[in-house]
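Have a look at the structure below, then the notes.
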Amino acid sequence: MLNTILYAFISVSLLGAFFGIGLAIAAKYLYVKKEKKLTDLEEALPGYNCGACGYAGCSAYAEAIFNGIAEDITLCSPGGAETAQKVANIMEVAIDVSHEKKVAFVHCKGGKDTARYAFEYKGITDCNAAYSMYQGNKVCKYGCLGLGSCIRVCPVDAIAYDNQGLVVVDKEKCISCNQCVTVCPSGVMKMIPYTADYVVACNSKDKGAVTRKACTVGCIGCKMCEKKSPDGGFKIENFLAEIDYSANGERKNAADACPVKCIVTN
Amino acid sequence: MSYIGIIITYVFISNFILTQFLGLCPFIGVSKNVESAVGMGFAVTFVMGLASLVTWAIQFYILAPLNVVFLQTITFILVIAALVQFVEMVIQKIAPPLYKALGIYLPLITTNCAVLGIALISVRSSYNAIESFLAGISGGLGFLLAILIMSTIREKLDSEDVPKFFKNIPIAFITAGLMSMAFMAFDKALLKNLIG
């Protein structure tokens, strides 16, 4: 018995040592030299592997930049201007780093208390699954389905449920990787500038009367915001107010006057 | 069993992918285009051939004499992992484009159950060294055949009007199922008719 244990121990250890040393020697002879620039690039990128740049990961993007396949070297949105500058320094090119940081925002406040539900959904907990069933269980087909697909794809845990069964994005944590925007079936998750003061928290493109029946905090397209804050960049399109953030006027009057109170502070 | 019998068995009758359902990960993952599929096929063939030879030696010169045959699985995994690492280095050195095309699936051969499968099956069938090696090579060739057919079909499917919800992986699974059924035509009776 003792012999068996001893033999087992010795044979596996020896085999392990043999292969380990063999591989170490092989690694030395078969070593492929990596360019210094490439390793520098890999270090400069944040290493989230979020895929926002459109490449498989940070090292894939570094390689693409290095080989000149990726012409745009500012695609890393988590890294933002700082990373872009570092990459530009390594590649010895000048870039325009005026990119504004963007964060994801759920354009919907129609939760348990405010939105009307068409039926009870008891399928799997996935927004895309729910969306394939009459575009979700709310009467409004534009809102947040509240099943948390975005929470699961978020690489930095910036998204969480609120007490209304909706999700909220923590804009301090958001790295603007766009993954939640991609996974969201209703398109209610959209990117807004980090510095945005007010947001129209609704995505409903239905007519005012239809929206009103479906949700008490849905934008009815009444144009009140356009009138109250003419310089705020408000624009009604498809019965939905949108803010053009390049306009710098005040937006508080519009938010106060909004009859359904769907213009909220960020 | 004769050498020809072994080859026919592992390429067609008990094809690792389509009959024994081993090593399906690269079969779906790398079968998007023919070129990398063939590269993967040859890498797996190489690893399987080498692995079955080395595991045979370990089984009969180390494990059996020391009476520690129960260590089979763990030592085989060790051997296969080391071999794959080695193959990875060699490919990176001599064929960088192939290395890039295979990507993550190359290190994944480590945990490819087809490789461990052939090692265990060879030992269990008490093959000698040449037979094990041949079984390994033909098992790999069977893999190559399956992944080659699959990638050709998938390349053709790319230009077909597949319904949206069947695109990519779902249609690939259905294709794999049909291929597997087609391979049921190869059975032991066929082998008997062929070589008696």
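Points worth noting:
- Summed over all non-identical Cα pairs, the Kirkwood treatment of the stretch A:1-67 gives a radius of 15.4 Å.
- Two-decimal Rg/Rh across the protein assembly as shown, once Rg and the Kirkwood Rh are taken from alpha-carbon atoms: 1.11
- Most fluctuating residue given options A:Glu226, A:Glu71, A:Glu63, as computed from a GNM of chain A linking Cα atoms under 10 Å: A:Glu71
- The H on the amide N of A:Ile263, modeled in the peptide plane, is under 5 Å from the matching H of A:Ala201, each at least 5 residues off or on a different chain.
- Peptide B:51-64 shows a mean partner chain C-beta count of 1 within 10 Å per residue C-beta.
- Listed residue pairs exceeding 19 Å between alpha carbons, taken from A:Lys205/A:Lys235; A:Lys102/A:Lys207; A:Lys227/A:Lys261: A:Lys102/A:Lys207
- Computed 3J(HN,Hα) for the stretch A:245-261, one whole-Hz value per residue from the Karplus formula 6.51 cos²θ - 1.76 cosθ + 1.60 where θ = phi - 60°, is 6, 6, 7, 10, x, 6, 10, 5, 4, 5, 4, 5, 7, 3, x, 9, 6, glycine and proline marked x.
- Distant-in-sequence amide contacts of A:Glu242, defined by a placed amide H-H separation under 5 Å and a gap of 5 or more residues or a different chain, comprise A:Lys235, A:Ile236, A:Glu237.
- FRET efficiency, 1/(1 + (r/R0)^6) with R0 25 Å, evaluated for A:Val264 and A:Asp244 via beta carbons: 0.90
- Value of D in µm² per second that Stokes-Einstein yields for the stretch A:36-91, Kirkwood Rh from Cα pairs, at 25 °C (0.890 mPa s): 231
- Here the extension length gained between B:Asn168 and B:Thr111 equals 18.1 nm, from 0.36 nm per residue of separation less the Cα-Cα distance.
- Euclidean distance between Cα centres, the stretch A:24-73 to the stretch B:82-161, Å: 26
- Shape of chain A, Cα gyration tensor, a/c cut at 1.5: oblate
- Fluctuation leader among B:Ser151, B:Ser122, B:Ser159 - chain B, Gaussian network, Cα springs under 10 angstrom: B:Ser159
- Charge sum, other residues only, whose C-beta stays under 14 Å from A:Asp157's C-beta, Lys/Arg counted +1 and Asp/Glu -1: +1
- Measuring spread by the Cα atoms of the stretch A:1-149 yields a radius of gyration and Dmax of 26.4, 74 Å.
- Remark: the stretch B:3-195 carries a charge dipole of roughly 100 debye about the Cα centre, counting +1 on each Lys and Arg Cβ and -1 on each Asp and Glu Cβ.
- Scaled against the 2.2 N^0.38 Å expected of a compact globular protein of N residues, the Cα radius of gyration of the stretch B:101-196 reads 1.36.
- For the residues B:Leu194, B:Leu50, a 1.4 Å probe over the protein chains yields an accessible-area ranking, largest first, of B:Leu194, B:Leu50.
- 10 Å Cβ neighbours from other chains, averaged over peptide B:82-93: 3
- Surface calculation, 1.4 Å probe, protein heavy atoms: A:Asp157 sits at approximately 110 Å² accessible.
- Per-bin percent of Cα-Cα distances, chain B [10 Å]: 9, 34, 33, 18, 4, 1, 0
- Of A:Lys101/A:Lys141; A:Lys109/A:Lys171; A:Lys141/A:Lys190, pairs whose Cα-Cα distance is over 22 Å: A:Lys101/A:Lys141
- Normalised contact order of chain A, rounded percent, pairs of Cα under 8 Å and 6 or more residues apart: 15
- Scanning chain A for DSSP H helices at least 15 Å long along the axis (C-alpha atoms) with a Kyte-Doolittle mean no lower than 0.5 picks out A:2-29.
- A Förster radius of 60 Å combined with the Cβ-Cβ distance from B:Leu157 to A:Val32 puts the calculated FRET efficiency at roughly 0.95.
- Most fluctuating residue given options B:Leu141, B:Leu83, B:Leu157, as computed from a GNM of chain B linking Cα atoms under 10 Å: B:Leu157
- For A:Gln135 and A:Leu2, the difference between the fully extended length at 0.36 nm per residue and the C-alpha to C-alpha distance is 41.2 nm.
- Kirkwood radius for the stretch A:127-251, taken over all pairs of different Cα atoms as the inverse mean of 1/r, rounds to 15.6 Å.
- DSSP H segments from chain B that extend 27 Å or more along their own axis, Cα-based, with Kyte-Doolittle mean of 1.6 or above: B:34-58, B:72-94
- For chain B, calculated [θ]222 nm from helices alone, where every DSSP H run of n ≥ 4 adds -39500 (n - 2.57): -22000 deg cm²/dmol
The values are calculated or read from the model by the stated rules, or taken from the named source; none is laboratory data. It should be emphasised that the depicted structure is a prediction, and the values quoted were computed from it without experimental measurement. Cβ coordinates were reconstructed from backbone atoms using ideal geometry, including for glycine residues, and neighbour counts include every protein chain displayed. Side chains are part of the model used for accessible areas, which takes the heavy atoms of the whole protein and leaves out ligands, DNA and RNA. Shrake-Rupley method; radii C 1.70, N 1.55, O 1.52, S 1.80 Å.
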